[in-house]
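Visitor: The structure follows.
The values are calculated or read from the model by the stated rules, or taken from the named source; none is laboratory data. In this text, all values refer to a predicted model and were calculated from it rather than measured experimentally. Using ideal geometry, Cβ is built from the backbone for each residue, glycine included, and neighbour counts are taken over all protein chains shown. Note: areas computed on protein heavy atoms with side chains; ligands, DNA, RNA excluded. Shrake-Rupley method; radii C 1.70, N 1.55, O 1.52, S 1.80 Å.
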Amino acid sequence: MRLLRYGEAGKEKPGLLDANGTLRDLSGHVADIDGGTISPEGLKKLAALDPASLPAVSGDPRLGCPVGNIGKIICVGLNYSDHAAETGMQVPAEPIIFMKATTSINGPNDTVIIPKNSKKTDWEVELGIVIGKKAQYVEEADALDYVAGYVLVNDISEREFQIERHGQWVKGKSADTFAPIGPWLVTKDEIADPQQLKMWLDVNGKRCQDGSTTTMVYGVKHLVSYISQFMTLMPGDIIPTGTPPGVGAGMKPPMFLKPGDVMKLGIEGLGEQHQDVVGYKG
């Protein structure tokens, strides 16, 4: 299934995209696409529905983040061998994890705002894991049992805030609009192998990132197991898993986002995003 949330920001309704690409309203069956809805039991109930019996949604409504009431966004850094090489940094001996504030969550096609005093706002196309049930001290062999599905994430980053302003990476990752997620939550049964997905990102029509999840250092199973050793993962939590090469900071000379830029990105099977970039206006 491809589950989504549509409508005005803060007032999104639950929906799904049927096999013909028609948006269908799920509000007669669930209140939202959230941790309860994407539990194994919740997904089983939705899978039993006939999409043709659901009301079709007319027009071209705004799409919000496909998961509501997200409790945590736990990101993974330097998790692609080719991206680590472009940054001149060593592949970590264990996954680097950091948090991204939930106030950064944005719809997949919503405007991205360069934050006040920013000098180095950058892009990162990433595969996001969506947790479907409570996970604590999970064995790697069982890790996919805790996954509801996958989402496309643009892990937008302010590199000066992240690297040069001291402290943890979270400072460079958490500005408003810095987490476009969606367009859909694709349930795990739709993705045969999350380690074999092509991914790309364009800025102003120029292909900047052209990679694949095959170069991930630590795969989906390992990450779910590993992170669950340090914190309890709850239904609806999202784990962006790192990015392939082609970020602005890795270019020679570096290139960063500016007002008027346009980002387009996608991952095989997970849809595409489109974001216009604007400057901060207090």
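Visitor: What is the one condition in (1) within 26 Å of LEU43 (Cβ to Cβ); (2) surrounded by fewer than 19 Cβ atoms within 10 Å (Cβ to Cβ) that LYS252 does not satisfy?
Guide: (1)
Visitor: Would you mind finding the one in LYS221, LYS264 that is surrounded by fewer than 23 Cβ atoms within 10 Å (Cβ to Cβ), under 30 Å from ASP32 (Cα atoms) and in contact with a helix residue (DSSP H, G or I) (Cβ under 8 Å, 6 or more places away or on another chain)? Before you say what the answer is, go through the steps one by one.
Guide: Working: LYS264 fails: in contact with a helix residue (DSSP H, G or I) (Cβ under 8 Å, 6 or more places away or on another chain).
After ruling out the rest, the residue left standing is LYS221.
Visitor: If I ask for residues that are open to solvent by less than 20 Å² (accessible area, probe 1.4 Å) and either touching a residue at least 24 places away in the same chain (Cβ under 8 Å) or in contact with a Pro (Cβ under 8 Å, 6 or more places away or on another chain) (or both), which ones from region 164-181 would you list?
Guide: Looking only at region 164-181, we keep the residues that are open to solvent by less than 20 Å² (accessible area, probe 1.4 Å), and these are 172-173, 177-181.
Matches in region 164-181: LYS173, THR177, PHE178, ALA179, PRO180, ILE181.
Visitor: How many residues are open to solvent by 10 Å² or more (accessible area, probe 1.4 Å), more than 14 Å from the chain's Cα centre (by Cα) and either under 23 Å from PRO235 (Cβ atoms) or not charged (D, E, K, R) (or both) when one looks only at region 72-83? Outline the logic, then answer.
Guide: The first filter runs over region 72-83 and keeps only residues open to solvent by 10 Å² or more (accessible area, probe 1.4 Å), leaving 72, 78, 81-83.
Filter once more, keeping what is more than 14 Å from the chain's Cα centre (by Cα): 78, 81-83.
From what's left, either under 23 Å from PRO235 (Cβ atoms) or not charged (D, E, K, R) (or both): 78, 81, 83.
Count: 3.
Visitor: If you don't mind, there's one more thing I want to ask. Considering only residues that are hydroxyl-bearing (Ser, Thr, Tyr) and closer than 23 Å to VAL278 by Cα, which ones fall in region 156-207?
Guide: Those that are hydroxyl-bearing (Ser, Thr, Tyr) and closer than 23 Å to VAL278 by Cα: SER157, SER174, THR177.
Visitor: Here is a follow-up. Which pairs turn up if I take residues in region 50-65 that are in contact (Cβ under 8 Å) with a residue 12 or more places away in the chain and look for partners that are surrounded by fewer than 13 Cβ atoms within 10 Å (Cβ to Cβ) and among the aliphatic types (A, V, I, L, M) with beta carbon separation below 8 Å, at least 6 apart in sequence or on another chain?
Guide: PRO51/ALA19; ARG62/ALA9; GLY64/ALA9
Visitor: Going by the structure shown, is GLY269 farther than 19 Å from GLN162 by Cβ, open to solvent by 10 Å² or more (accessible area, probe 1.4 Å) and either touching a strand residue (DSSP E or B) at 6+ places or on another chain (Cβ under 8 Å) or of a type in the set (A, V, I, L, M) (or both)? Walk me through it before giving the result.
Guide: On the way: farther than 19 Å from GLN162 by Cβ: yes; open to solvent by 10 Å² or more (accessible area, probe 1.4 Å): yes; either touching a strand residue (DSSP E or B) at 6+ places or on another chain (Cβ under 8 Å) or of a type in the set (A, V, I, L, M) (or both): yes.
For GLY269, the condition - farther than 19 Å from GLN162 by Cβ, open to solvent by 10 Å² or more (accessible area, probe 1.4 Å) and either touching a strand residue (DSSP E or B) at 6+ places or on another chain (Cβ under 8 Å) or of a type in the set (A, V, I, L, M) (or both) - is met.
Visitor: Next question, about the same structure. Got a sec? Which of VAL112, VAL130 is buried (at least 19 other Cβ atoms within 10 Å of the Cβ) and farther than 21 Å from LYS171 by Cβ? Please lay out each step first, then the result.
Guide: Working: VAL112 fails: farther than 21 Å from LYS171 by Cβ.
VAL130 is the lone residue from the list that is buried (at least 19 other Cβ atoms within 10 Å of the Cβ) and farther than 21 Å from LYS171 by Cβ.
Visitor: Only one residue in GLY269, GLY242 is out of contact with any Gly (no Cβ under 7 Å at 6 or more places or on another chain), modelled with pLDDT of 95 or more and part of a loop (DSSP other than H, G, I, E, B), so which one is that? Can you show your working first?
Guide: Numbers: GLY242 fails: out of contact with any Gly (no Cβ under 7 Å at 6 or more places or on another chain).
Answer to the check: GLY269.
Visitor: Just name the residue that is surrounded by the most Cβ atoms within 10 Å (Cβ to Cβ) out of those in region 1-50 that are touching a strand residue (DSSP E or B) at 6+ places or on another chain (Cβ under 7 Å) and acidic (Asp, Glu).
Guide: It comes out as GLU12.
Visitor: Restricting the first residue to region 187-201 and requiring it to be β-branched (Val, Ile, Thr), which pairs with a second residue that is assigned to a helix (DSSP H, G or I) meet a Cβ separation below 6 Å and a spacing of at least six or different chains?
Guide: Nothing qualifies.
Visitor: Can I ask one more? For region 70-112, which positions are more than 30 Å from GLY10 (Cβ to Cβ), touching a Pro at 6+ places or on another chain (Cβ under 8 Å) and of a type in the set (D, E, K, R)?
Guide: ASP82, GLU86
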